[in-house]
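First the structure, in the form of structure tokens, and then the observations on it.
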Amino acid sequence: MSKEQVKNIALGADHGAFELKEKLKTYLGVIGYKIIDVGTDSKLPVDYPDFAYKVAKKVVSGECDRGIMLDGAGIGSSMVCNKVKGIRAALCWSPKTIVNSRQHNNANVLTMGSAQHDETDVFSMAKLWLETDFEGGRHWPRINKMMSIEKK
């Protein structure tokens with residue numbers, strides 16, 4: 001279990017990932033997280049950047065400890081989230097990338113592709129990501145260097 005206090009999670013999805021978002025929201029709620037659902041609220045076509053931006057803003061504002069965004073591939077949402085100052089979004093596709101994104105990169109937003117994973121994998125990867133702590137130590141200089149790019 002994570003030593004970090006991770007309680008409030010911003011969760012968003014586009015129309016293609018709407019059903020998976022709803023299931024993930026229920027699952028994460030059952031295991032003890034408070035979910036702030038930023039949409040979408042149906043399978044009607046929407047633009048993923050709108051919801052990825054909302055997830056990122058909830059995290060940088062401090063309202064949410066971390067964020068999870070789902071779209072078809074996860075690529076576009078990662079790009080959008082990383083445009084928001086203070087966000088370190090990671091597109092992850094395996095337990096190894098999940099752990100690396102947290103331990104080494106201190107990712108604060110996770111993006112995943114709903115067309116790339118089944119429900120069980122998404123649940124287990126989201127749980128692992130939320131429970132994995134940043135190692136700090138030797139990784140801090142790289143995180144600081146990464147974040148200093150925003151100031152240039």
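Values in this text are rule-based calculations from the coordinates and carry no lab data. These figures come from a predicted structure and were not determined experimentally. Glycine also receives a Cβ, built like all others from the backbone with ideal geometry; neighbour counts cover every protein chain displayed.
For this structure, a couple of remarks:
- Placing pseudo-labels 7 Å out from each Cα toward the beta carbon at residue 119 and residue 142 gives an inter-label distance of 3.6 nm.
- Here's the picture: charge each Lys and Arg Cβ at +1 and each Asp and Glu Cβ at -1 in the chain, and of 52, 144, 126 the one pushed furthest to the positive end of that dipole is 144.
- Label-zone membership for the stretch 89-113, site residue 128, 7 angstrom Cα→C-beta point, backbone N under 13 Å: 92-103
- Only the Cβ atoms of Lys and Arg (+1) and of Asp and Glu (-1) were treated as charged; on that basis the dipole of the chain about its Cα centre amounts to roughly 780 debye.
- Efficiency of FRET between residue 149 and residue 37 - r from beta-carbon atoms, R0 35 angstrom, step 0.05: 0.65
- Anisotropy class of the stretch 97-152 from Cα gyration tensor, a/c 1.5 cut: oblate
- Ellipticity estimate at 222 nm from DSSP helix runs (n ≥ 4, -39,500 (n - 2.57)) divided over the chain, nearest 500: -12500 deg cm²/dmol
- Tensor-based shape of the stretch 8-151 (alpha-carbon gyration tensor, a/c under 1.5 rounded, otherwise prolate or oblate): prolate
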